[in-house]
Amino acid sequence: MTGDAAARRARVEHGLTPVLRIANRPVERFALADRMARYQVPGCSIAVVDDGEVSWAAGYGVTADGGRPVHATTLFQAASISKAVAAVGVLVLVEWGELDLDEPVNDRLRSWRLPDSPHTAEQPVTLRHLLSHTAGTTVPGFPGYAVGTTLPTVPEVLSGGGVANTPAVESFAPPGTRTQYSGGGTTIVQLLVTEVTGRAFPELMTELVLRPFGMVDSAYDQPLAADRRRRAATGHGASGRPVAGGHHVYPELQAAGLWTTAVDLARWLVGVQEILRGDRTGPISRATAHEMITPLGDGSFGLGPELGGEGELRRFGHSGGNEGFRSQMDALVERPVGGVVLTNADNGTTLCAEVRRAFAEEYGWGELDGPPIVLADVDPAVLASYAGTYVGPFGRPMKLRVEDGELFSPAPYGRRRMLPLGATTFLDEETGATLEVATDGGAVTRIAVLVDGAELMAFTPADG
């Protein structure tokens, strides 16, 4: 590592800032180690792209309590980052003529088909819709399965049958009319790819994506191969306790199944950037790479990657969240910079966001946030009416409490405040997510969690 890279690394490690900027309050800066302790994140791995190469990479903390130190090549579950990485392989098959972005997927599926619906009567669901989350399909994500349990087949996952722990994937809106994140839709793509090619998904992605980009430590292996377990981080829940068995298993490979390293994901970012600049040939063409990062729907997704920024500061990447793991990768389109952060804890979401802000400030990504937030004054009695225990998808709990005029969710490290924008609208100070409270007769009936304006999940009172 050069002296300049070492200095930049030090500034990132000590330059984490909160996700939200509050008007008339000074910006605080924190050390990475301190924030890991606050959020109970045992381990974190980082890799930075600068000047078109992996400039530096490092591991922090441990793979588990009392475990081995994390390195830049420690294996983590990439979670939904899997979608963006695999999208390149899908587009290779499009270029080869084995798949068509605009052909109805039901024309090619055999063992399972998306159920007929009034929503798809005029416009069938296509591969383009599925990759961009504009297909109008259900099932946003997957909880995974405990290590050692029987796994459903992909058709069982899609139909909600057998031992699947998620409901059937169905249509809820006309394709192309709405952006709604759908891991279920991505799993349709996985089935399509395997049925059209007649090949196993992990083998195909290794050939089409991982090997060409030099991702030598990565694999879509679920369950995790025995010879790789020693190098893998253990996932940890929001309470800080290890996930039973070390991690969950995800048969939804394209949606959530990649085990990888920060260095390998940085290589993926570099590879895509090189293709976009015309400095590299394959695995997809420059034209296809630009199509992959062209906004569709509401503009938050291309054909696989999440998108953000404007003009010279446009960026592509993806976030990820599996049981016990949180992750984030980003790269700029016009400039050869980017970054990856992988964590082995559910509380890693906020850490990823804070590291990402340090990347952006140090490497000139531009502002990731809007203007400073002006908080509203809300009647303390209204805040008190929101206190309670709520339940969300897969039985996920959420507690809200009120003390000292603040609405917050209690966390092991202290208060996680919900900052008021109005009487029924709040911002989670650590994730930047918006909470919209619905009431009936003064009682809370539903709390919707929105990210970038799109509903991610909803909670209802635990007592019904």
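The values are calculated or read from the model by the stated rules, or taken from the named source; none is laboratory data. Everything numeric in this text was worked out from a predicted model, so none of it was measured. Positions of Cβ are backbone-derived with ideal geometry, glycine not excepted, and every protein chain shown enters the neighbour counts. What goes into the accessible areas is simple: the full protein's heavy atoms, side chains included, and nothing from ligands, DNA or RNA. Shrake-Rupley method; radii C 1.70, N 1.55, O 1.52, S 1.80 Å.
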Does any residue of region 318-329 turn out to be touching an Asp or Glu at 6+ places or on another chain (Cβ under 8 Å) and among the hydroxyl-bearing types (S, T, Y)?
yes
Flagged in region 206-220 as crowded, with 16+ Cβ neighbours inside 10 Å, part of a loop (DSSP other than H, G, I, E, B) and of a type outside the set (A, V, I, L, M), in numbering order, are P212, F213, D217, S218, Y220
Being touching a strand residue (DSSP E or B) at 6+ places or on another chain (Cβ under 9 Å) and without any contact (Cβ under 8 Å) to a residue 60 or more places away in the chain narrows it down to one residue among R280, R267, R314, R326; which is it?
R314
Of (1) more than 19 Å from S327 (Cβ to Cβ); (2) open to solvent by less than 30 Å² (accessible area, probe 1.4 Å); (3) not basic (K, R), G237 satisfies all except one. Which?
(1)
Expected single match for over 11 Å from the mean Cα position of the chain (by Cα), assigned to a loop (DSSP other than H, G, I, E, B) and not small (G, A, S) among E312, E362, E354, E367 is E367
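May I ask you to say which residue of L313, L276 is touching a Leu at 6+ places or on another chain (Cβ under 9 Å), farther than 29 Å from R396 by Cβ and either aliphatic (A, V, I, L, M) or modelled with pLDDT under 95 (or both)?
Numbers: L276 fails: touching a Leu at 6+ places or on another chain (Cβ under 9 Å).
Exactly one of L313, L276 is touching a Leu at 6+ places or on another chain (Cβ under 9 Å), farther than 29 Å from R396 by Cβ and either aliphatic (A, V, I, L, M) or modelled with pLDDT under 95 (or both), namely L313.
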Does region 434-464 hold any residues that are at positive phi and either surrounded by fewer than 14 Cβ atoms within 10 Å (Cβ to Cβ) or touching a strand residue (DSSP E or B) at 6+ places or on another chain (Cβ under 7 Å) (or both), and which are they?
G441, G442, G453, G464
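A quick yes/no check of all residues on (1) among the aliphatic types (A, V, I, L, M); (2) over 26 Å from N344 (Cα atoms):
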| position | (1), (2) |
| --- | --- |
| G257 | no, no |
| D264 | no, no |
| T288 | no, yes |
| I293 | yes, yes |
| F301 | no, no |
| G308 | no, no |
Could you list, in sequence order, all residues of region 65-112 that are among the basic types (K, R) and under 15 Å from T194 (Cβ atoms)?
R108, R110
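Hand me the list of helices (runs of 4 or more DSSP H) wholly inside region 1-111 holding 3 or more residues that are hydroxyl-bearing (S, T, Y). Walk me through how you get there before you give the answer.
Numbers: elements: 3-13, 32-38, 81-95.
Correct list: empty, since no element meets the threshold.
Which one of these is open to solvent by 30 Å² or more (accessible area, probe 1.4 Å), at pLDDT below 95 and assigned to a strand (DSSP E or B): R401, R417? Explain how you work it out, then say what you get.
Values: R401 fails: at pLDDT below 95.
Residue meeting the stated conditions: R417.
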